[in-house]
Structure formats: structure tokens, C-alpha cells
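Asker: A single structure is presented below for examination.
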Amino acid sequence: MHGFSYKSGSLHCEEVDLKTLAASYGTPLYVYSGGTITDHFRRLDEALSGVPHEIAYAVKANSNLSVLRLLAAQGAGFDIVSGGELFRVLKAGGDPAHCTFAGVGKTRAEIIYALNEGIYSFNVESEEELRYLNQVAGELGLIAPAAVRVNPNVDAKTHKYISTGKSENKFGVDFEAIVDLYERASKELPHIRLRGLQMHIGSQLTSIAPFIEAVEKVTPLVRLLKQRHGIEFWSIGGGIGIVYHNSLESGAAGWWQQREGSDAPLTIERYGKELVPRLKDLGLKILLEPGRYIVGNAGVLLTRCLYEKKGLAKTFKIVDAGMNDLIRPALYEGHHEIVPLTEPVSSERVMVDVVGPICESGDFFCQDRELSDFQPGECVALMSAGAYGFAMASNYNSRPLPAEVLVEGATARIIRHRQDFDSLIEGES
Ligand code: LLP
């Protein structure tokens, strides 16, 4: 489910009219539905109920403190990729003992910070990193809990920039090298406690097949590591895809329902039904690292149309959000539905490009798309922008970062103020 629908002709987030939010807080504006975030968390938790598990929310998808706090209250753990993300999780009241630390390039300062905070596991991506972790932990007189990320060489069949589980990707250690690495580590690295195994094959997977393939391929390895090294957990990563096309309509009907011919063949119930039987007899705690699934359809980016420009070849709707606010279309050819805040009365469509104000041809939200018409002064919502939206926003073109609002029922709360010009130049001289 997601919390966005037309009520009395106006697009609402839960019980709040988005037009009033755009008027109060200005645009571009990110708006999140708290109810959707907690619903998605619970739905996944429920789907995995047949196996001992823990959901470590991938903070990188949306790291706003209020979003983290909401998830911490649901009992989420957190998958972090930097010292900054650990700092955010701690500020939001998250428990470091339920944090895993991923990433191929952890620095000394980050390792020390995470060791001192007592995180659950360092998810290590190379032998060199494991040896360095051992060295730093030794210097501090600590034992570092660790899991190696296995690269299972499985094709996730997603956009090439977010596919991570093939041998040619920079991530993890080759499947064939894992057993020897655990043997060597257990003999040579006294400050490492091998606690688990981790994998993550990619993001925005819309089919169950690659998940099954990876789980089936890695299961014998996991059994062996449990037997020889007493590992206690297996993280099967994140990557569960969401619906981007027609997300408003499908949300009203329940987007998790299987829909033939759409980009939604993967339902969360199916994910649980296929994976739980394959995982439940391993005697291991299964960790999940979902980001997009939890927050993706829980957020929209509101933007106001500034101008309409009719050229010889095209009609451009120029809006006040740019690729610095939402980079997914430019970077991954990401599709976001664009819907007016006032419910269209006719089914008439116009063929337009919706573009931002930035000096780049890649600064567009759609090209040659048929949309319900909207005029300068009117606002539209870019749907499904809750994951990797604000989190990837930048100050390019010296544009202040947008504001963020969290809606819970009939209450809307600003959870990040719009950046002002002074903070834009903070730290510069
Ligand atoms: N675990 C690891 C180790 C990851 O690298 C990622 C995402 C996740 C979990 C969470 O994946 P999710 O459940 O959100 O698919 N910016 C891109 C997505 C990059 C994903 C990076 N890693 C986008 O906007 O599509």
C-alpha cells in the first residue's frame, strides 16, 4: 500500500492535502507517508515470520532522522555505509548492536568509530579490508565482529549501475575464494570474530528468480561456514524492487498485488513464500537490508511549474525541481510518474518533456511523455521518490537542498527545513 490518493479532487498524503503543504513549505518539497513506511516494514517482517530474521534498513535510501526514528521504533536494525550514517542512526535512537556496516572502502576513522560503538557486524568486501580491520581492532584491544560479502556471480537483471552481484562488479569476494578466506582468517586474524556471511546482488529487482538463484547457490557455502566457523547469521541483502509505473493507480488497488505485464511481478508475499522455505532449516539468523522497498513508494517530490515553453520540436514544462533534487531519471533512466495535485477531470493528455532549471540536457524528469496537462503556477507530484531521492540530492548550481515533511494521519511535520543561502556557503572562505 501507499498513502497517496485523490480525495475530493485533491492529491492527499494520508489525510493531508498536498496543496496545503506546497503552499506552507514551498517547493521543491519532499513529502513522506509515515503510515506507508511502517506498513512496509511490518509487511516484510510478516512475510519473513517463518524464519528467525532481522530487518536492517538500508539507511542510504533515506537517512532523515525522523524516518530512522520511525523505523527504530518498529524494531528495525540498520545497514550503514559510512561513519555519517552511523552518526545519524545513533542520533535517531538506533541501537548500534543492531547495525551492520557495508561498503568497499571503510576508512580507519570509520572503523574505529564503529568498533567503539559496538556494531553488530562489519560486512567486509576484501581480504585486505579484513586484515586491516583485524589490525585496527588489535590496536584498540577489541575483537571486530565480521562477515564477508560473497559475490555469487548471479545476474540481478537490473540497471547496470545498480547491479552488484556479478564477478565484474567491484563488490564482495568471489564465491570460489570464500572458504579459503574463512580458513585463513580463523587461523591468522585473532582480532576478528567471523560472525556471518553477507550478500547483495543488486537493487530494484523485479523478479524473484535472481534471489532464488543466489540463495540456492550460496546455501551449501553457508552450511559449511556454520559447521566450520560457527557463523550465526546470513544477510541476504536488500534489492526488493518497487512499482514505479502507474504507482498512483496501483497504490490505490494495492501495489503489492501481482500484475501481469507490469514492472511488479515481485510481491513481498511471493518473496517470503519462495525464500522462507529455503532458509528456515539453516539454523541461522537471516538478515535483510531493504531500503527502497521500505521508503520508495512512501515519498513524493512536489514541484511547481514555472513556465511552459513551446518549441518547434517539443513542449517543455519547466518546473522548480531539478536533477540536483532527484537525480534518478538522469542517472539510471529512472521512471517517476508525474501527476497533478488537482485531480484531472478529463482523460486528455499532452505530450511534454518535464524539465528542471539546471544547465544540463540531462536535467529532465520525463521526455516525450503523455501527461494530464498542467499550467505554470500549478504543482505536480513526482511519485515514488522516497528512496534515493533526497538522499542523493546535491547543491549543484548552488541550489539549496529542498525541505522534507513527514505525514502521519492528519498531522504534517517539517522534518528538515529548506536549506538557506548562509548554510549553502558554510565552511567556505
Ligand atoms: N545492501 C547493500 C549492501 C546495498 O549496497 C544496498 C543498495 C542495499 C542493501 C539496499 O538496496 P535496496 O533494497 O534499496 O534496493 N541509487 C540507486 C540505488 C543504489 C543502491 C545501492 N545499494 C537508485 O536510485 O536506484
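Asker: Bin width 10 Å, alpha-carbon pairs only: give the P(r) of the chain as whole percents, running from 0 to the bin holding the largest distance.
Answerer: P(r) over the chain, rounded to whole percents: 4, 21, 30, 24, 14, 5, 1, 0.
Asker: A further question follows. List the residues, sorted by chain then number, that are 5 or more residues from VAL173 or on another chain and whose placed amide H is less than 5 Å from its amide H.
Answerer: ARG149, VAL150, ASN151
Asker: Rounded to the nearest 0.05, what FRET efficiency is calculated for ALA313 and ARG228 with R0 set to 45 Å and r the Cβ-Cβ distance?
Answerer: On the way: r = 64 Å, r/R0 = 1.43.
So the FRET efficiency works out to roughly 0.10.
Asker: Among GLY389, PRO402, LEU371, which residue has its Cα positioned farthest towards the positive end of the charge dipole of the stretch 297-424, with +1 placed on the Cβ of Lys and Arg, -1 on the Cβ of Asp and Glu, and the dipole taken about the Cα centre?
Answerer: It is PRO402, whose Cα lies furthest towards the positive end.
Asker: Under a GNM of the chain (C-alpha, springs under 10 Å), which listed residue has the highest mean-square fluctuation: GLY299, GLY202, GLY138?
Answerer: Result for the chain, Cα springs under 10 Å: GLY138 fluctuates most.
Asker: Return the FRET efficiency for the residue pair ASP155, SER394: r is the Cβ-Cβ distance, R0 is 22 Å, and the value is rounded to the nearest 0.05. Could the numbers behind the result be given before it?
Answerer: On the way: r = 31 Å, r/R0 = 1.40.
Efficiency computed from Cβ-Cβ geometry: 0.10.
Asker: For the chain, set up a Gaussian network in which alpha carbons nearer than 10 Å are linked by springs, and say which option among THR342, THR36, THR411 fluctuates the most.
Answerer: Judging by the Gaussian network model, the answer is THR411.
Asker: Find the relative contact order for the chain and round it to a whole percent, using C-alpha pairs within less than 8 Å whose residues are 6+ positions apart. Kindly include the intermediate steps, with their values, before the conclusion.
Answerer: On the way: 964 pairs, mean separation 89.4, N = 429.
That works out to 21 percent.
Asker: Expressed as a rounded percentage, what relative contact order does the stretch 294-344 have, with Cα pairs under 8 Å and six or more residues apart?
Answerer: On the way: 32 pairs, mean separation 10.8, N = 51.
The normalised contact order for the stretch 294-344 reaches 21 percent.
Asker: Here is a further query. Per 10 Å bin from zero, what fraction in whole % of the C-alpha pairs of the stretch 315-429 is there, up to the bin with the longest pair?
Answerer: Reading upward from the zero bin: 12, 40, 34, 12, 1, 0.
Asker: Divide by every residue of the chain the summed helix terms, -39500 (n - 2.57) for each DSSP H run of at least 4, and state the resulting mean residue ellipticity at 222 nm, rounded to the nearest 500 deg cm²/dmol. Intermediate results must be reported in sequence, preceding the final value.
Answerer: Numbers: 13 runs with 128 residues, N = 429.
Mean residue ellipticity at 222 nm (helix-derived): -8500 deg cm²/dmol.
Asker: Note down the relative contact order for the stretch 1-127 as a percent, whole number, built from C-alpha pairs under 8 angstrom at least six residues apart.
Answerer: The normalised contact order for the stretch 1-127 reaches 17 percent.
Asker: Relative to the Cα centre, what is the charge dipole magnitude of the stretch 297-424, using +1 at the beta carbon of each Lys and Arg, -1 at the beta carbon of each Asp and Glu, and rounding to the nearest 20 debye? Before the final figure, lay out each step's value.
Answerer: Working: 12 positive and 18 negative charges, 26 e Å.
Dipole magnitude for the stretch 297-424 comes out near 120 debye.
Asker: Hey, if you put +1 on the Cβ of every Lys and Arg and -1 on every Asp and Glu Cβ in the chain, which of PHE211, SER66, GLN135 ends up farthest toward the positive end of that dipole?
Answerer: Among PHE211, SER66, GLN135, the one farthest towards the positive end of the dipole of the chain is GLN135.
Asker: Could you work out how much longer the chain between THR411 and GLU216 gets when fully extended? Use 0.36 nm per residue separation minus the Cα distance between them, nm to one decimal.
Answerer: Values: separation 195, 0.36 × 195 = 70.20 nm, distance 4.52 nm.
Going from the current span to full extension adds 65.7 nm.
Asker: Measure up LYS157/LYS217; LYS60/LYS273; LYS60/LYS170; LYS217/LYS273; LYS106/LYS160; LYS106/LYS170 against 21 Å on the Cα-Cα distance and list the ones that go over. Don't jump to the answer; show the numbers that get you there.
Answerer: Working: LYS157/LYS217 17 Å; LYS60/LYS273 27 Å; LYS60/LYS170 18 Å; LYS217/LYS273 18 Å; LYS106/LYS160 23 Å; LYS106/LYS170 14 Å.
Pairs exceeding the cut-off: LYS60/LYS273; LYS106/LYS160.
Asker: A further question follows. Please enumerate, by chain and number, the lysines with C-alpha under 23 Å from the C-alpha of LYS309, excluding those fewer than 8 residues away in the same chain.
Answerer: Straight-line reach from LYS309, under 23 Å: LYS317.
Asker: Across the chain, where is the longest run that never hits trypsin sites (Lys or Arg not before Pro) in a DSSP loop with at most 14 other C-beta atoms within 10 Å? Mind dumping the intermediate values first?
Answerer: Numbers: sites that count: LYS157, LYS170, LYS314, ARG349.
By the stated rule (loop sites, at most 14 other Cβ atoms within 10 Å), 1-156.
Read-outs throughout are calculated quantities, based only on the coordinates presented, and are distinct from any laboratory measurement. None of these values were measured; they are calculated from a predicted model. Backbone-built Cβ (ideal geometry, glycine too); neighbour counts: all protein chains shown.
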